[in-house]
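A.B. asks: Okay, here's the structure, questions in a sec.
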Amino acid sequence: MAKLISKSASERSRNAAPRREREELKMDVRTLIPSNGGDWLARFKDDWKSQVSALQKRFGADIVEVQMPPDHAVECPVIYVRPQAIVEVLRFVRSESGFEYGFLADLTAVDLMPEDPRFEVVYNLFSISKHWRIRLKVRARDGEMVPTATSVWPGANWAEREVWDMFGIKFSGHPDLRRILMDERWDGHPLRKDYPLKGYQIFPTPEPVKPELLE
Amino acid sequence: MKDAVKAPEVAAEKMPDRASWPQHYNVHFEKDPDDLWDESRMIVNIGPTHPAMHGALRMVAKLNGETIEKSYCQFGYTHRAKEKLGENRTYHQFVVYTDRLNYCSALLNNVAYSMSVERLMGIELPPRALWIRMMCCELARTIDHLICIGINAVDLGAFSFFLYGFHQREEAYTLIEKLAGSRLTTSYTRVGGLMADAPDGWEKEVKTWALRTRGVIDEMDRLLTGNRIWRRRTDGVGPFDKEMCLAYSYTGPNARAAGVDIDLRRDQPYLYYKEVEFDVPIAKTGDVFGRYTVRLEEIRQSLNILIQCADKIKKGPIWSEDKRVRIPDKDVVFNTMEGMIHHFKFFMTGFQVPAGEAYTCVEGGNGEIGFYIVSKGGPTAHRMRIRGPSVYHFQGLTPMVEGELLGDMVAALGSINVIAGELDR
């Protein structure tokens, strides 16, 4: 205590600033919060490691990159998969013993505009029996097709339609790739980073009934 | 003396048999390319503004008589670009937008959103804030279920059942008003804390309300569950089995009604759900009646949790110690220069969230509410994905009602509890 007081003011301020920064930097998504699923996430470290190594063994070069929680700022493993192999990987993790990710929690995309493969399609998976979570990602350039996951989970249908509507990523083999939230006459894909924040597109009539969808 | 008037004898007119009916009794429809009639199939457009559709939803159905042969659904009529707003508003400003997702349980969305940002920042809350949040969750779940089964019953003609539930719901809203200052759009949570502490004796009021509601729920149960008309309208209607639930990503009471054993409160415990006792009700049938019974039982479990919370909650701080997210007290803001600057900086530029990404989800009123936030540092999110359960539930409506009667579609839609605010975002 006495030592601290004896330090000059300039010396103290020089020492204090980086120390505060260090403390703040430690607090991010890797900090396990007990009241926010921290205990739940801490249990799965070994399971995730063995799953990732099994996936890499099985699919080899199709697993492009793996991000694990303590090393990267993610809360569960993030596995980047080549677009050609994504359906096979999804089918594998869905039913293979030791994985059992039978539940597609969410399917969405992220626009990382200045980066080269501009889009990421994100699959958030959940295991109902083991309570694991995992995230698969596919990188896609603008105009590139991503294989559809509707053959694995029919429920991916609308989520993929929404990704097409909002980001303009097409899914090859999709049964019914139409816009879902916006009008079908809409121009542009609103969640792209280069889409303007203000503007109007007004249509005088509502979307008509489409009898061809009822065949 | 006059004779009593005798009624003339008239021979009862014989009903002609079907073969001898006039030709125009047998209705035929010519095939006309401009007409929506096709070999007695009829295309009906229900919605987007129709009393049977909950919110601005639209279903176009091809009917064979009264049976739905094929249908498709459309939505997006109340799309407000919430995900785009999430990328262009600070994390603090986005709290109010979460109320408008599932407006039947706004508090739950507030809690889910705040928790997802707190996970990105690594913030732990003090116990009182967590207990209050948990009570918010259960209050919101109760009123969400009450309105769902109530409206479902109204759709099928049982009005008094709805009023029993609605009265309790109004009282719950009064409790929420005491907590948050507003009834429907609460905006109660903040990142790293709560808007305000609960008033003195609030938890006792919640407990009294919960005990009273227990009795009302039993009364509602006796009123409707054994009712023969209700059973006829719901038993085996809108069936969605376990495999279909998994294929269509059903969560919450709708999945549990089909026997999927999933409840995030138990499976990935958050808040203090480990410290309270509750059961996860599961039905096997997967029909409208199963969803109704699961919701009714879940209300009872939520009331149990509320009573346990009211006993366990203690006085204490409601804000985390973290300086990054702590909103300065008004006393400090109005009386010191530093406080004023802090306040100004907080609300004008927002707080910095470290780079990272997380998918955080909680058990909402009608399923898994998740926020997938990608942060690249800075006061706004790079990507704010809102996973609303209603999207996946509404997607399953088409396979659910194919081959069912049109009137049963109304029952099925009411039972899966699709909320347009969450569906369209």
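The values are calculated or read from the model by the stated rules, or taken from the named source; none is laboratory data. Because the structure is a prediction, the values reported are computed rather than measured. Cβ: placed from backbone, ideal geometry, glycine included. Neighbour counts: every protein chain shown. For the accessible areas, the whole protein counts, side chains as well, though only heavy atoms, and no ligand, DNA or RNA atoms are used. Shrake-Rupley method; radii C 1.70, N 1.55, O 1.52, S 1.80 Å.
A.B. asks: In whole Å, what three semi-axes, largest first, describe the equivalent ellipsoid of chain B built from its Cα gyration tensor (square root of 5 times each eigenvalue)? Write out the running numbers ahead of the final one.
C.D. replies: Numbers: eigenvalues 507, 138, 74 Å².
That gives 50, 26, 19 Å for the three semi-axes.
A.B. asks: Further question: List, in the order given, every pair from A:Lys45/A:Lys170; B:Lys178/B:Lys314; A:Lys45/B:Lys274; B:Lys345/B:Lys376 whose Cα-Cα distance in the structure shown is over 24 Å. Walk me through the intermediate numbers first.
C.D. replies: On the way: A:Lys45/A:Lys170 35 Å; B:Lys178/B:Lys314 18 Å; A:Lys45/B:Lys274 21 Å; B:Lys345/B:Lys376 20 Å.
Long pairs (Cα-Cα over 24 Å): A:Lys45/A:Lys170.
A.B. asks: Whole-Hz ³J(HN,Hα) for each residue in segment B:291-307, computed from phi via Karplus 6.51 cos²θ - 1.76 cosθ + 1.60 with θ = phi - 60°, x for glycine and proline: what do you get?
C.D. replies: Those phi angles translate into 5, 5, 5, 4, 5, 4, 5, 5, 4, 4, 5, 5, 5, 4, 4, 4, 5 Hz.
A.B. asks: Something else: So how tilted is helix A:9-26 from the main axis of chain A? Cα-based, degrees 0 to 90, rounded to 10.
C.D. replies: 40 degrees
A.B. asks: Can you tell me how segment B:48-177 classifies by the Cα gyration tensor, rounded, prolate or oblate, using a/c under 1.5 as the rounded cut? Present the calculation step by step, with values, prior to reporting the outcome.
C.D. replies: Values: a/c = 3.01, a/b = 1.45, b/c = 2.07.
Here segment B:48-177 falls in the oblate category.
A.B. asks: By accessible area of protein heavy atoms, probe 1.4 Å, what ranking do B:His382, B:His79 get, highest first?
C.D. replies: Values: B:His382 30, B:His79 55 Å².
These residues rank, largest area first, as B:His79, B:His382.
A.B. asks: Could I ask something else about it? In degrees, nearest 10, range 0 to 90: what is the angle between the Cα axis of helix B:202-224 and the longest Cα principal axis of chain B?
C.D. replies: 10 degrees
A.B. asks: Convex hull volume of the Cα atoms in the protein assembly as shown, per residue, in Å³?
C.D. replies: On the way: hull volume 158.9 nm³, N = 640.
Once divided by residue count, the hull of the protein assembly as shown is 248 Å³.
A.B. asks: Next question, about the same structure. Once you average over the residues of A:34-46, how many Cβ atoms of partner chains fall within 10 Å of each Cβ? Intermediate results must be reported in sequence, preceding the final value.
C.D. replies: Details: counts 7, 17, 17, 11, 5, 4, 6, 2, 0, 1, 0, 0, 0.
Rounded to a whole number, the mean comes out at 5.
A.B. asks: Any idea of A:Ile202's accessible area? Nearest 10 Å², probe 1.4 Å.
C.D. replies: Approximately 140 Å² of A:Ile202 is accessible to the 1.4 Å probe.
A.B. asks: What does the accessible area of B:Phe347 come to, in Å² to the nearest 10, when a probe of 1.4 Å is used?
C.D. replies: Surface open to solvent at B:Phe347 totals about 70 Å².
A.B. asks: On a 0 to 90° scale, report how tilted helix B:159-180 is relative to the longest principal axis of chain B, with both axes built from alpha carbons and the result rounded to the nearest 10.
C.D. replies: Roughly 10 degrees between the two axes.
A.B. asks: Follow-up. Label-point separation (nm) for B:Thr225 and A:Ser151, each offset 7 Å from Cα along Cα-to-Cβ?
C.D. replies: Roughly 4.6 nm, to one decimal.
A.B. asks: What distance in nm separates the simple spin-label points at A:Ser97 and B:Arg232, each placed 7 Å from Cα in the Cβ direction?
C.D. replies: 5.0 nm
A.B. asks: Keeping the other protein chains in place, figure out the carbon and sulfur percent of the accessible area of chain A, with a 1.4 Å probe.
C.D. replies: Details: 5750 of 10760 Å².
That fraction is 53 percent.
A.B. asks: Å³ per residue of the Cα convex hull, for segment B:346-425?
C.D. replies: On the way: hull volume 8.7 nm³, N = 80.
Spelled out: Cα convex hull of segment B:346-425, divided by residues, is 109 Å³.
A.B. asks: Ratio of segment B:225-383's C-alpha Rg to 2.2 N^0.38 Å, to two decimals? Could you put the intermediate results ahead of the total?
C.D. replies: On the way: Rg = 22.2 Å, N = 159, 2.2 N^0.38 = 15.1 Å.
Normalised by 2.2 N^0.38 Å, the Cα Rg of segment B:225-383 equals 1.47.
A.B. asks: I want to check the label-to-label distance for B:Phe344 and A:Arg185. Put each point 7 Å from Cα in the C-beta direction and report it in nm to one decimal.
C.D. replies: That separation, rounded to one decimal, is 4.9 nm.
A.B. asks: Carbon and sulfur: what percent of segment B:207-250's accessible surface (1.4 Å probe)?
C.D. replies: Working: 1240 of 2410 Å².
Carbon and sulfur together cover 52 percent of it.
A.B. asks: For segment B:219-271, which chymotrypsin sites (Phe, Trp or Tyr not before Pro) are in a loop by DSSP, counting at most 13 other Cβ atoms within 10 Å? Intermediate results must be reported in sequence, preceding the final value.
C.D. replies: On the way: sites: B:Trp230, B:Phe240, B:Tyr248, B:Tyr250, B:Tyr270; in loops: B:Phe240, B:Tyr248, B:Tyr250.
Passing sites in segment B:219-271 do not exist.
A.B. asks: Going by amide H atoms built from the backbone, whose H comes under 5 Å of the H on A:Val146, apart from near neighbours?
C.D. replies: Here A:Lys170, A:Phe171, A:Ser172 satisfy the definition.
A.B. asks: Scale the Cα Rg of segment A:106-167 by the rule-of-thumb value 2.2 N^0.38 Å and send over the ratio, two decimals.
C.D. replies: Values: Rg = 12.5 Å, N = 62, 2.2 N^0.38 = 10.6 Å.
Here the Cα radius of gyration is 1.18 times the empirical estimate.
A.B. asks: Using alpha carbon centroids, what distance separates segment B:303-322 and segment A:71-108, in Å?
C.D. replies: Using only Cα atoms to place each centre, the spacing works out to 37 Å.
A.B. asks: State in Å² the accessible area per residue of chain B; use a 1.4 Å probe, count heavy atoms of protein chains only, and round to the nearest integer. Mind showing how you got there, number by number?
C.D. replies: Numbers: 17660 Å² over 425 residues.
Per residue, chain B has 42 Å² of solvent-accessible surface.
A.B. asks: Sticking with this one: When you look at the Cβ of every residue in B:244-252, what mean number of other chain Cβ atoms sits within 10 Å? Each step should come with its number before you reach the end.
C.D. replies: Values: counts 2, 2, 7, 9, 7, 12, 2, 4, 0.
Shielding by partners across B:244-252 averages 5.
A.B. asks: Once a ≥ b ≥ c are taken as the square roots of the eigenvalues of the Cα gyration tensor of chain A, is the result rounded (a/c under 1.5), prolate (a/b larger than b/c) or oblate (a/b not larger than b/c)? Could you put the intermediate results ahead of the total?
C.D. replies: Working: a/c = 2.64, a/b = 1.52, b/c = 1.73.
Oblate, since a/c reaches 1.5 and b/c is not below a/b.
A.B. asks: I'd like the mean, over residues of B:336-344, of how many other protein chain beta carbons sit within 10 Å of each residue's own Cβ. Mind dumping the intermediate values first?
C.D. replies: Values: counts 0, 0, 0, 0, 0, 0, 0, 0, 0.
Whole-number average of other-chain Cβ neighbours for B:336-344 is 0.
A.B. asks: Given axes a ≥ b ≥ c from the Cα gyration tensor, I'd like to know whether segment B:303-395 is rounded (a/c under 1.5), prolate (a/b larger than b/c) or oblate. Show your work: numbers first, answer last.
C.D. replies: On the way: a/c = 2.95, a/b = 1.30, b/c = 2.27.
Here segment B:303-395 falls in the oblate category.
A.B. asks: Follow-up question, since we're still on this one. When DSSP assigns beta bridges and you keep just the ones with both residues in the protein assembly as shown, what percent turn out antiparallel, to the nearest 5? Show your work: numbers first, answer last.
C.D. replies: On the way: 52 of 60 bridges.
Just about 85 percent of them are antiparallel.
A.B. asks: What do you get for trypsin sites (Lys or Arg not before Pro) in segment B:144-183 restricted to DSSP loop and a cutoff of at most 14 other Cβ within 10 Å of the site's Cβ? All intermediate terms of the calculation are to be shown ahead of the outcome.
C.D. replies: Numbers: sites: B:Arg169, B:Lys178, B:Arg183; in loops: B:Arg183.
Sparse-neighbourhood loop trypsin sites (Lys or Arg not before Pro): B:Arg183.
A.B. asks: Moving to a separate point now. Counting only the backbone N, which residues of segment A:110-147 are under 14 Å from the spot 7 Å out from the Cα of A:Ser172 toward its beta-carbon?
C.D. replies: A:140-141, A:143-147
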